[in-house]
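Visitor: The structure under discussion is supplied below as structure tokens; questions concerning it will follow.
Taken together, the values in this text are just the output of simple stated rules run on the coordinates, not laboratory data. It should be emphasised that the depicted structure is a prediction, and the values quoted were computed from it without experimental measurement. Quick reminder, even Gly has a Cβ in these numbers, built from the backbone with ideal geometry, and neighbours come from all protein chains shown.
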Amino acid sequence: MTAPDADLHPDVPHAARIWNYWMGGKDNFAADRAAGDAVVQVYPEIAAMARLSRGFLIRVVRHLAAEAGIRQFLDIGTGLPTMQNTHEVAQGIAPESRIVYVDNDPMVLAHARALLVGTTAEGITRYVPADYHEPEKILAEAATALDFREPVAVMFMGVLGYEPDLATVRSITARIMAETAPGSHLVLWDGTNTTEAVVEGARRLAESGGVPYILRSPAELATCFEGLTMLEPGLTQISAWRPDSPDIEPIEAYGAVARKA
């Protein structure tokens, strides 16, 4: 990892760097590892959640590009780049795929510009500096690369827990999807409050200085898909969404993919 910039605040736990640590990455500092370890002490499965979430993304994008014919992806709340990012999976199947990444974190965007480079001459890979609380800005800037008259896959991958109010979360997802064409898809996963251990892990994360993350029930997450048709197997643990292997690891994270009629 390069020497920390003054704006990185290496002594303050940072959500994207903590997740990077759980993923086994190198873009993190001691404060991030301490916060991450505080969660691991009570919920050691968090590292598996990080790994399984990437597998979920890969399987979803692969399905949407190869089987659903989606050629446009709006990945909101990108996080630090890692292996098999959205554009790599999509453009590996359909070279002409267009991907717009959205994040409000300058550090994430700096990494994205350096590492999330389009893999094909035909495709487009762009970045929008915005918070998901700014759907109008996201839509306006994404429209410079995406054609909202054609289907788009809108992705919120493990990020909506940073908004404490479920009604606001539903408003954000609904506003973005309202601008998409029929045949578009909403992809969403998040951590769930389905065991005492994961709830305690979230509490330890906040206590250690990390940004608080709101865990919701699967039923609450399901309300974000109202008006859309879920693809099989519906809202399920992310490890169980069309798995590549029959050996499914149970995890306190649920996700789904739903189609707009």
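Visitor: For a Förster distance of 30 Å, can you work out the FRET efficiency between the beta-carbons of Glu150 and Glu67, rounded to the nearest 0.05?
Guide: FRET efficiency, Glu150 to Glu67: 0.95.
Visitor: Starting at the first residue of region 48-59, write each ³J(HN,Hα) from the Karplus equation 6.51 cos²θ - 1.76 cosθ + 1.60 with θ = phi - 60°, in whole Hz, x for Gly and Pro.
Guide: These are the phi-based 3J(HN,Hα) values: 5, 4, 4, 5, 5, 5, 5, x, 4, 4, 4, 5 Hz.
Visitor: Next question, about the same structure. Rule-of-thumb check for region 106-210: C-alpha Rg over 2.2 N^0.38 Å?
Guide: That works out to 1.27 for region 106-210.
Visitor: At Ala178 and Ser245, where each label point lies 7 Å from the Cα along Cα→Cβ, what is the point-to-point distance in nanometres?
Guide: It works out to 4.4 nm between the two label points.
Visitor: If you filter region 78-161 for GluC sites (Glu not before Pro), then keep DSSP loop positions with at most 14 other Cβ within 10 Å, what is left?
Guide: Glu96, Glu122
Visitor: Based only on other Cβ atoms within 10 Å, what is the fewest-to-most ordering of Leu188, Leu80?
Guide: Leu80, Leu188
Visitor: Under the 0.36 nm per residue contour assumption, what length would be gained going from the current alpha-carbon distance of Lys26 and Val12 to full extension?
Guide: Contour length minus the Cα-Cα distance gives 3.4 nm.
Visitor: Right, another one. Can you run phi through the Karplus equation (6.51, -1.76, 1.60; θ = phi - 60°) for region 107-123 and list ³J(HN,Hα) in whole Hz, with x for Gly and Pro?
Guide: Karplus-based 3J(HN,Hα) across region 107-123 equals 5, 4, 5, 4, 5, 4, 4, 7, 10, 8, 9, x, 9, 9, 6, 7, x Hz.
Visitor: Multiply the residue separation of Ala47 and Met230 by 0.36 nm, subtract the distance between their alpha-carbon atoms, and state the gained length in nm to one decimal.
Guide: Contour length minus Cα-Cα distance gives 63.1 nm.
Visitor: Taking only DSSP H segments of four or more residues, each worth -39500 (n - 2.57), what value at 222 nm results for the chain once the sum is divided by all its residues, to the nearest 500 deg cm²/dmol?
Guide: -11500 deg cm²/dmol
Visitor: Give, in nm to one decimal, the length gained when the segment between Glu200 and Asp37 is fully stretched (0.36 nm per residue of separation minus the Cα-Cα distance).
Guide: Residue separation times 0.36 nm, minus the Cα-Cα distance, leaves 57.4 nm.
Visitor: To continue, here is another question. Just to confirm the filter: which trypsin sites (Lys or Arg not before Pro) across region 77-171 are DSSP coil and have at most 16 other Cβ within 10 angstrom of their Cβ?
Guide: Of the trypsin sites (Lys or Arg not before Pro), the ones in loops of region 77-171 whose Cβ has at most 16 other Cβ atoms within 10 Å are Arg149.
Visitor: Using a simple charge model, +1 on the beta-carbon of Lys and Arg, -1 on the beta-carbon of Asp and Glu, nothing else, what dipole does region 6-259 show about its Cα centre, in debye to the nearest 20?
Guide: Roughly 380 debye, rounded to the nearest 20.
Visitor: If amide hydrogens are placed 1.01 Å from N in the peptide plane, which non-local residues have theirs closer than 5 Å to the one on Ile124?
Guide: Close amide H contacts, sequence-distant or interchain: Arg98, Ile99.
Visitor: Which residue, chosen from Val42, Pro95, Val154, occupies the Cα position most advanced towards the positive end of the dipole of region 6-259, where the dipole is computed from +1 (Lys, Arg) and -1 (Asp, Glu) charges on Cβ about the Cα centre?
Guide: Pro95
Visitor: Hey, how many Å between the Cα centroid of region 186-204 and the Cα centroid of region 57-103?
Guide: After rounding, the separation between the Cα centres reads 25 Å.
Visitor: In addition: Using every pair of alpha-carbon atoms in region 1-118, split the distances into 5 Å bins beginning at 0 and state the percent of pairs per bin, rounded to integers.
Guide: Pairs per bin, as whole percents: 2, 11, 19, 21, 18, 14, 9, 5, 2, 0.
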